[in-house]
1. What FRET efficiency, computed as 1/(1 + (r/R0)^6) with R0 = 30 Å and r the Cβ-Cβ distance, is obtained for Leu174 and Thr112, rounded to the nearest 0.05?
2. Provide the net charge surrounding Glu442, with neighbours chosen by a C-beta distance below 11 Å and charges set as Lys +1, Arg +1, Asp -1, Glu -1.
3. For the stretch 105-462, report the % of Cα-Cα distances exceeding 29 Å.
4. Using a 1.4 Å probe on the protein heavy atoms, what percent of the accessible area of the stretch 75-223 belongs to carbon and sulfur?
5. Which order do His447, His357, His220 take by accessible area at a 1.4 Å probe, largest first?
6. Taking a cut-off of 26 Å, what percent of all Cα-Cα pairs in the stretch 44-175 are separated by more than that?
7. Take Val46 and Gln464, extend 7 Å from each Cα along the Cα→Cβ direction, and tell me the distance between the two endpoints in nm.
8. Give the residues of the stretch 419-460 whose amide nitrogen is closer than 20 Å to a point set 7 Å from the Cα of Phe70 in the direction of its Cβ.
Amino acid sequence: MLTRTRSHLLALFVSLLGVGIAVMSGFMAGASPMLLGLGFATVPIVAFFFMQFEVAAIGLLVLRSALDPFSGMQLPAAFAIGVSALTLLYVVVQLITKKQVITEKLWWIFATWVALQSLWLVLMFIGGLGSDASQIQTSLREWVRIFSWLMVYLLMLQLKDKVHPEIIVSRLFLALIAPSTIALMQIFAPSLLPPMFGGGGDEYGAIGASISRVNGTLGHPNTFATFLLLFIGLTLWKLGKAKQRLYWLCLLGLLAFFYVATKALFALAMLGVFLLVFIAPKLSLPKIIGGALLFAIAIALFASTEFGQQRLASLTSTPLFNSNIDISRAILLSASDGNSFNWRIAQWTFLLQAWEHQPILGYGLATCKQLTVFDAYAHNDYIRALAEGGIIGFATFILLFMALFTYLLQIFRTAQPNSKQRNLCLVLLAMLSAIMVGMLTENIWSHTTLFFYLWTLISVAGWQWNEKLVESAEC
């Protein structure tokens, strides 16, 4: 009875989303016809998707990390719409043929949360928020971006009992190939790269030789940093039971090198939190030494660069480390001192002042840029959630993360001790903890690729792991 009720709910959900996707496609096509210009390739893509479902689904995962340099061509947006459409089509076919569509409790919680976010679109359209309908297109793009994560989650669930979860996690490492290759070229051969990858000149050079920052194919160094931290965690997960540890140690060293090359100060704080949570359940001298050594190396490499020294020195000119500077003075200084920390204080102050005029429902999705004179993101996802969604939106944002932590903790406690499933949950818990800290000063919620892979891993973490059915994919 429960299964039948869920099927009916899913059918209703898909029907409503089908209407929504049609409306969204119209809006997006009006904004950029190129988003729908790939229609000629629809038939072969759909055919391959259904004939080689497992291969196609995993291939989509791997492909996502290489798309951000083509944002000017709207390719990431087209990809998000395409993945969502393919997933919905697959669900419709499964329902028509009376085959099982796999869902789970957390997916329904996330689906409810995403559906709730659409209310802000409706309220904006009817003039019920602090911003008018002129911002509807921007808000719609933001909702489509978040909706694509829900669809990725649903797509991965359909691989349950078809592909072993360890194989999916192992295949995710293929997503490192494009970003790592471009990152190496940005560091050592920038002149060989086209402008879309930051090449064509001497902007990049040997680490420490300039203040430039590596971003791989992720568009921005900060986005690349969080992407790398997730894969550093997965590499540590692989190291836990690897037969040939040298391979994974070399990969860990390479990722750590890129991580420092992003020159993102907030990323060092995230790394510290990640390592603290990761080693906490099994405190041992080797793990403490290893974690401390990895963090110390990252700090030392960061501080050895001119850019890193400037960033660390700038902390002394903020209210946090200088009692002679209060918030008002920091706001005044932000206009001329080039200190990004004081700029953040000014941005947060202006956003909170704007929120005071719309405290309950805020201004709508992705409206932060229009709320201050800086025309920039919030650089604090909690203040962003408060300004864009008001108290209600902020509360739902926190509740979503609470649900994630609760779900992963439950799996962690019930999984076999020292199993790969338990260790993966620990990596995800450490990553979520680091994200919650990083959100204090950075736009982590806008890091689309990070959450694309994070929701994939959350999906497979809850599957039944029979480690005797598949040999480890370690090299």
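The values are calculated or read from the model by the stated rules, or taken from the named source; none is laboratory data. Fair warning: this is a prediction, and the values are worked out from it, not measured in the lab. In this analysis, Cβ positions are derived from the backbone assuming ideal geometry, glycine residues included, and neighbour counts consider all displayed protein chains. Side chains are part of the model used for accessible areas, which takes the heavy atoms of the whole protein and leaves out ligands, DNA and RNA. Shrake-Rupley method; radii C 1.70, N 1.55, O 1.52, S 1.80 Å.
1. 0.40
2. +1
3. Percentage above 29 Å: 45.
4. On the stretch 75-223, the fraction of accessible area on carbon and sulfur atoms equals 64 percent.
5. Output order, biggest surface exposure first: His357, His220, His447.
6. Value for the stretch 44-175 (Cα pairs over 26 Å): 31 percent.
7. 3.4
8. Once the point is set 7 Å along Cα→Cβ of Phe70, 448-453 turn out to lie under 20 Å by backbone N, inside the stretch 419-460.
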